[in-house]
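Notes follow the structure.
The values are calculated or read from the model by the stated rules, or taken from the named source; none is laboratory data. Predicted model only: the values in this text are computed from it and were never measured. Quick reminder, even Gly has a Cβ in these numbers, built from the backbone with ideal geometry, and neighbours come from all protein chains shown.
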Amino acid sequence: MTHNIAVIVDAYSTGAKLAAKFHSEGVAVLHVQSASPIIDFYINDFRPGDFIANVVFNGLAECLVEMNRWLNGIKPICVLAGAETGIELADLLAAELGVEGNSTETSRVRRDKYAMACALKEAGLATPYFLRTDNLHTLTEWASGHCWPIVLKPLASAGNDSVFFCNDRTELESAFHSIYNKANRFGGHNNHVLAQTLLKGTQYVINSVSIDAQHYISDMWIDRRKVIAGASNIYDCEELLAYEGEVQEALVSYMKQALDALGVRNGPAHSEIMMTAEGPVLAVSCQSLHSPHTPTNYAATADRPTLAPAHGSPPLVQLHSRNWERPTTTVSLPVSTHR
């Protein structure tokens, strides 16, 4: 068996591509499945043949025993979340195994959109006005004090799952009933809804990688969307930006502060920021890789790997991070740049 083993929790979506890249660097991969069964949203992504084993989480103690059986005394070089559903468990397993990761004390901040908004506000960063509630009357009373439209969404989900732009009280009530007490895309139960005032401006996508709380911005995109009446907005296209520029400088400064506020110390982040008239405001950040439609690199440092989207043009790209203290090898993920 190889002496280098990586652990991936929920290797789905873009995370499904990671094992092959580890293999090309001589690193075996152990998979941990955070829940059983794998939810329908991810079931077709999982590639069990890419891993030395698949450990299904049924409690921490049992999981660690089974993992250690396959690790056979080898300390993993990393524990990564392959998809958003794996973030909290990856933090926990990294801590238990003594591997660099992110604090379990802030894990929920990186998964729950309400907790995320609270953390940003506490750090003094701009946020939309927001409310978490399980009561329709409370929601409508709060909305009456703000301008329409109001955005309503689950606390934890992905993409445009149950995201509604409500232009009046009737639409707000309908959206509440569509979300509350229903299952979300990740198989969780929506015990609350999150209401936010609509951010107005130009939306940007920012991908980053963090090493020991040093944040490196790898690529920035203008995110073009279309609003569909009676539904959420949909993706139109994304336009890659140059790194330098007045807007980019403001985005990067805000993004690094936001990552600090969310407790991101290690690993990738995919974030969406609205540049409003007052400045940048984070819409959402996910501590896993961007969707498979963006070129992404895996950068392996001398003692542990880190993930980073790619500079340059696909399919052959190189990562040149500033102020890295460890030697770096880079492998490209040749994927489409269109979405």
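For the range 23-48, the tally of residues that are surrounded by 18 or more Cβ atoms within 10 Å (Cβ to Cβ) and more than 20 Å from His270 (Cβ to Cβ) stands at 9. Only one of the numbered conditions (1) surrounded by fewer than 17 Cβ atoms within 10 Å (Cβ to Cβ); (2) in the same structural domain as Ser13 (by TED's automatic domain parsing) is violated by Val79, and that is (1).
Within the range 86-106, which residues are among the small types (Gly, Ala, Ser), outside any helix (DSSP H, G or I) and touching a residue at least 60 places away in the same chain (Cβ under 8 Å)?
Going through the range 86-106, the residues among the small types (Gly, Ala, Ser) turn out to be 86, 90, 94-95, 98, 101, 103.
Now restrict to residues that are outside any helix (DSSP H, G or I): 98, 101, 103.
Matches in the range 86-106: Gly101, Ser103.
Could we say that Val109 is outside any loop (DSSP other than H, G, I, E, B), touching a Gly at 6+ places or on another chain (Cβ under 9 Å) and not small (Gly, Ala, Ser) here?
Values: outside any loop (DSSP other than H, G, I, E, B): yes; touching a Gly at 6+ places or on another chain (Cβ under 9 Å): yes; not small (Gly, Ala, Ser): yes.
Taking the combined requirement at face value, the residue satisfies it.
Taking every residue in the range 231-253 that is exposed (fewer than 15 other Cβ atoms within 10 Å of the Cβ) and pairing it with any residue that is at pLDDT 90 or above and aliphatic (A, V, I, L, M), at least 6 positions away or on another chain, the pairs with Cβ-Cβ distances below 6 Å are Glu239/Ile222.
Answer yes or no as to whether Arg108 is among the basic types (Lys, Arg) and closer than 28 Å to Asp212 by Cα. Considered against the rule, which asks whether it is among the basic types (Lys, Arg) and closer than 28 Å to Asp212 by Cα, Arg108 comes out as yes. Residues of the range 71-85 include at least one that is within 17 Å of Val7 (Cα to Cα), assigned to a helix (DSSP H, G or I), under 22 Å from the mean Cα position of the chain (by Cα) and touching a residue at least 40 places away in the same chain (Cβ under 8 Å). Listed conditions (1) under 23 Å from the mean Cα position of the chain (by Cα); (2) over 13 Å from Leu93 (Cβ atoms); (3) not hydrophobic (A, V, I, L, M, F, W, C) are all met by Gln33, apart from (2). The requirement of being out of contact with any helix residue (DSSP H, G or I) (no Cβ under 8 Å at 6 or more places or on another chain), crowded, with 18+ Cβ neighbours inside 10 Å and without any contact (Cβ under 8 Å) to a residue 60 or more places away in the chain is fulfilled nowhere in the range 199-213; no residue meets it. On the given criteria, is Gly15 buried (at least 21 other Cβ atoms within 10 Å of the Cβ) and either acidic (Asp, Glu) or assigned to a helix (DSSP H, G or I) (or both)? It is true that Gly15 is buried (at least 21 other Cβ atoms within 10 Å of the Cβ) and either acidic (Asp, Glu) or assigned to a helix (DSSP H, G or I) (or both).
Residues are listed down the side, and each one gets a yes or a no for (1) assigned to a loop (DSSP other than H, G, I, E, B); (2) surrounded by 16 or more Cβ atoms within 10 Å (Cβ to Cβ); (3) touching an Asp or Glu at 6+ places or on another chain (Cβ under 8 Å); (4) at pLDDT below 65:
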{"position": "Val264", "(1), (2), (3), (4)": "yes, yes, no, no"}
{"position": "His270", "(1), (2), (3), (4)": "no, yes, no, no"}
{"position": "Asn297", "(1), (2), (3), (4)": "no, yes, no, yes"}
{"position": "Asp303", "(1), (2), (3), (4)": "yes, no, no, yes"}
{"position": "Leu307", "(1), (2), (3), (4)": "no, yes, no, yes"}
{"position": "His311", "(1), (2), (3), (4)": "yes, yes, yes, yes"}
{"position": "Pro315", "(1), (2), (3), (4)": "yes, no, no, yes"}
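Reported count of residues in the range 151-185, each being at positive phi and either modelled with pLDDT of 90 or more or not hydroxyl-bearing (Ser, Thr, Tyr) (or both), is 2.
Out of Leu30, Leu64, I need the residue that is within 26 Å of Asp212 (Cβ to Cβ), aliphatic (A, V, I, L, M), part of a strand (DSSP E or B) and not assigned by TED's automatic domain parsing to the domain that holds Ala258. Which one? Steps first, please.
On the way: Leu64 fails: part of a strand (DSSP E or B).
Answer to the check: Leu30.
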